[in-house]
Structure formats: structure tokens, C-alpha cells
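Asker: Okay, handing you the structure first.
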Amino acid sequence: MTQLTVPKNLNEVDKAIYLFRFVKRTIVACRSALYTVFISESWKGRFSSWDEFVESSDGLDISRGLASKLLAVEKYYVIDNGFSGEKLAGIDNEKLYLAIHLPVPIAKQLASASTLSRSELKQELAEKNGECVEHTPVTFCSKCRIRIYERENN
């Protein structure tokens with residue numbers, strides 16, 4: 001493992017900014033390594049399942065959902081569409097994942113992931129997919145079709 005050296009003259013705010021920028025730059029290598037392990041199934045000699053590799057403290061110690069999103073971004077942008085990992089560096093992985101689902105050309109997806117916030121991407125997804133963005137979804141009972149309200153926690 002490479003030792004991370006944080007400049008000593010940084011205040012707490014700048015230290016946090018420095019570290020998060022570092023994480024954004026390294027996520028490219030993480031996505032690539034995860035995809036390689038997934039495709040080669042090289043986890044099999046050490047872990048009993050993919051989920052164990054992903055979720056256990058001896059493995060990646062991340063959620064399956066995060067692993068799935070990392071794999072989806074790597075496959076879609078890098079493997080299937082030939083973008084370099086460096087082109088994706090610094091773009092939030094969640095925003096890249098959300099943009100995959102926009103029904104627009106890939107160049108527009110990447111531009112949206114680069115410029116829009118997560119909430120703006122979610123709203124654009126809802127609008128482009130014909131979903132109402134003004135109202136909260138409701139649930140109806142499957143038997144009687146009466147609206148089910150969530151009880152407030154008091």
C-alpha cells in the first residue's frame with residue numbers, strides 16, 4: 001500500500017478538500033480494479049462468494065449497491081464506450097451512474113454527469129422518463145386499492 005501524505009500546513013477545511021479530491025482521483029483505479037476482479041473471478045480463491053468479497057471487512061467492506069454502481073460505470077463508459085478512466089476522473093461516481101440512464105447520446109450523458117448536481121440529474125431522469133416530479137408517489141393496497149399512508153414517527 002502506498003502511504004498518503006497530507007500537507008501539514010492545511011487547516012481542517014482544506015485538509016478535507018484535499019482528501020476528497022484524492023478520493024475522486026483514486027476512484028478511477030478502484031473501478032478498474034473491481035471490474036478486473038469481477039470479470040476474472042479472482043476473488044474465488046479467497047472468498048466464498050462475490051458478496052462476501054464485496055461486503056466483508058476482510059474484503060472491500062462496501063455495500064453491494066456501491067459495488068454494482070462502480071461496475072456499471074466502468075462497463076458502460078470505459079469498456080463499452082471507450083472513454084478513458086482519466087476522462088472520468090473527478091466526476092462523482094453516483095452522477096455518472098445516474099447519467100447512464102438518461103435517454104440521450106452518451107456525450108450528453110457525460111456532460112450532464114459533469115455539470116449537473118445529483119438532484120438535477122434525478123429530476124432530469126424523471127422528466128425524460130415521463131415520471132411526475134411535482135408529487136410524491138403513493139402506494140395503494142393491492143386488494144382493496146385504498147391509498148396507504150405511512151404513519152408518522154412520533
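Asker: May I ask you to say which residue of GLU74, GLU52 is more than 30 Å from LYS128 (Cβ to Cβ), acidic (Asp, Glu) and either at pLDDT 95 or above or in a helix (DSSP H, G or I) (or both)?
Answerer: Of GLU74, GLU52, the one residue that is more than 30 Å from LYS128 (Cβ to Cβ), acidic (Asp, Glu) and either at pLDDT 95 or above or in a helix (DSSP H, G or I) (or both) is GLU52.
Asker: Give me a count of the residues in the stretch 34-49 that are of a type in the set (Gly, Ala, Ser), modelled with pLDDT of 95 or more and either within 30 Å of SER84 (Cβ to Cβ) or open to solvent by 50 Å² or more (accessible area, probe 1.4 Å) (or both).
Answerer: Going through the stretch 34-49 one residue at a time, the tally reaches 3.
Asker: Which one of LYS15, LYS8 is out of contact with any Leu (no Cβ under 6 Å at 6 or more places or on another chain), assigned to a loop (DSSP other than H, G, I, E, B) and among the basic types (Lys, Arg)?
Answerer: That would be LYS8, the only listed residue that is out of contact with any Leu (no Cβ under 6 Å at 6 or more places or on another chain), assigned to a loop (DSSP other than H, G, I, E, B) and among the basic types (Lys, Arg).
Asker: Return the residues of the stretch 105-128 that are among the hydrophobic types (A, V, I, L, M, F, W, C), modelled with pLDDT of 90 or more and farther than 19 Å from VAL28 by Cβ; say none if nothing qualifies.
Answerer: Selection gives ALA107, LEU116, LEU121.
Asker: Is it fair to say LEU96 is open to solvent by less than 60 Å² (accessible area, probe 1.4 Å) and touching a residue at least 24 places away in the same chain (Cβ under 8 Å)?
Answerer: So LEU96 fails the test.
Asker: Within the stretch 83-93, is there a residue that is under 29 Å from GLU124 (Cβ atoms), in a helix (DSSP H, G or I) and touching a residue at least 60 places away in the same chain (Cβ under 8 Å)?
Answerer: yes
Asker: Just the residues that are of a type in the set (A, V, I, L, M, F, W, C) and assigned to a helix (DSSP H, G or I), please, taken from the stretch 94-120.
Answerer: LEU96, LEU98, ALA99, ILE100, ILE106, ALA107, LEU110, ALA111, ALA113, listed by residue number.
Asker: Give the residue that is surrounded by the most Cβ atoms within 10 Å (Cβ to Cβ), with candidates limited to residues of the stretch 50-71 that are small (Gly, Ala, Ser) and in contact with a helix residue (DSSP H, G or I) (Cβ under 6 Å, 6 or more places away or on another chain).
Answerer: The residue in question is ALA67.
Asker: List the residue pairs whose Cβ atoms are under 9 Å apart, where the first residue sits in the stretch 62-75 and is farther than 18 Å from ILE91 by Cα, the second is surrounded by fewer than 16 Cβ atoms within 10 Å (Cβ to Cβ), and the two are 6 or more positions apart or on different chains.
Answerer: Short answer, once both residue conditions are applied: ARG64/ASP51.
Asker: Ok, one more. Can you tell me which residue among VAL13, VAL6, VAL28 is at pLDDT below 95, of a type in the set (A, V, I, L, M, F, W, C) and surrounded by fewer than 13 Cβ atoms within 10 Å (Cβ to Cβ)?
Answerer: VAL6 is the lone residue from the list that is at pLDDT below 95, of a type in the set (A, V, I, L, M, F, W, C) and surrounded by fewer than 13 Cβ atoms within 10 Å (Cβ to Cβ).
Asker: Please work out which residue is nearest to GLU86 (Cα to Cα), limiting yourself to the stretch 12-33 and to residues that are small (Gly, Ala, Ser) and in contact (Cβ under 8 Å) with a residue 24 or more places away in the chain.
Answerer: If we take residues in the stretch 12-33 being small (Gly, Ala, Ser) and in contact (Cβ under 8 Å) with a residue 24 or more places away in the chain, then ALA29 is nearest to GLU86 (Cα to Cα).
The values are calculated or read from the model by the stated rules, or taken from the named source; none is laboratory data. Bear in mind that the values here come from a model prediction, so they are computed numbers and not experimental data. Cβ: placed from backbone, ideal geometry, glycine included. Neighbour counts: every protein chain shown. Calculation scope for accessible area: heavy atoms of the full protein, side chains included, ligands and nucleic acids excluded. Shrake-Rupley method; radii C 1.70, N 1.55, O 1.52, S 1.80 Å.
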